[in-house]
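Participant: Mind looking over this structure? Questions follow.
Every read-out reported here was derived from the displayed coordinates using simple, explicitly stated rules and does not represent laboratory data. Owing to the predicted nature of the structure, the values given are computational and were not obtained by experimental measurement. Every residue, glycine as well, gets a Cβ built from its backbone with ideal geometry; the counts of neighbours run over all protein chains shown.
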């Protein structure tokens with residue numbers, strides 16, 4: 001991945017997770033923060049790519065990360081909704097560091113897919129709208 005990994009991928013995802021979860025989160029807190037961060041991202045992405053686009057991108061990102069995190073939920077044939085809720089449930093059973101790493105990886109995969117479709121500059125702007133707390137004032141000055 002190119003600039004997306006910094007501008008719209010893992011760094012902002014990891015930053016928003018750690019800032020919102022606090023200094024020593026447990027897996028349940030990480031799962032709650034991940035769910036809220038996903039909701040914030042969905043709120044910004046749905047008007048651009050549609051609800052079904054968000055679902056498809058989420059499910060694809062989870063599928064892409066299953067090699068690294070084999071405990072990720074598998075796609076149910078015929079299911080028309082996202083498996084992100086299953087992911088949140090699975091996060092609660094992981095070690096906190098693993099939960100944070102997996103969530104950052106899934107968000108990075110989602111945003112990498114998004115950047116492929118709509119470009120890195122627009123992806124970065126949408127991430128800044130969804131997660132303004134992931135960016136310091138120096139991060140947003142150049143955009």
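Participant: Once the Cβ-Cβ distance between residue 56 and residue 26 is put in as r, and R0 is 35 Å, what FRET efficiency do you end up with, to the nearest 0.05?
Facilitator: So, using R0 = 35 Å, E works out to roughly 0.65.
Participant: If packing is taken as the mean number of other Cβ atoms within 10 Å per residue, what is the order of 66-73, 100-107, highest first?
Facilitator: Final packing ranking: 100-107, 66-73.
Participant: Between residue 43 and residue 74, how high is the FRET efficiency from 1/(1 + (r/R0)^6) when r is the Cβ-Cβ distance and R₀ = 25 Å? Nearest 0.05.
Facilitator: The calculated FRET efficiency here is 0.40.
Participant: Hey, fewest Cβ within 10 Å first, where do 57, 110 land in order?
Facilitator: Fewest-to-most ranking of 57, 110: 57, 110.
Participant: Same structure, new question: Starting with the highest mean, order 118-131, 14-27 by the number of other Cβ atoms within 10 Å, averaged over the residues of each peptide.
Facilitator: Top to bottom by mean Cβ count within 10 Å: 118-131, 14-27.
Participant: Please compute the length gained on full extension between residue 89 and residue 11, using 0.36 nm multiplied by the number of residues separating them and subtracting their Cα-Cα distance.
Facilitator: Between residue 89 and residue 11, full extension yields 25.7 nm more.
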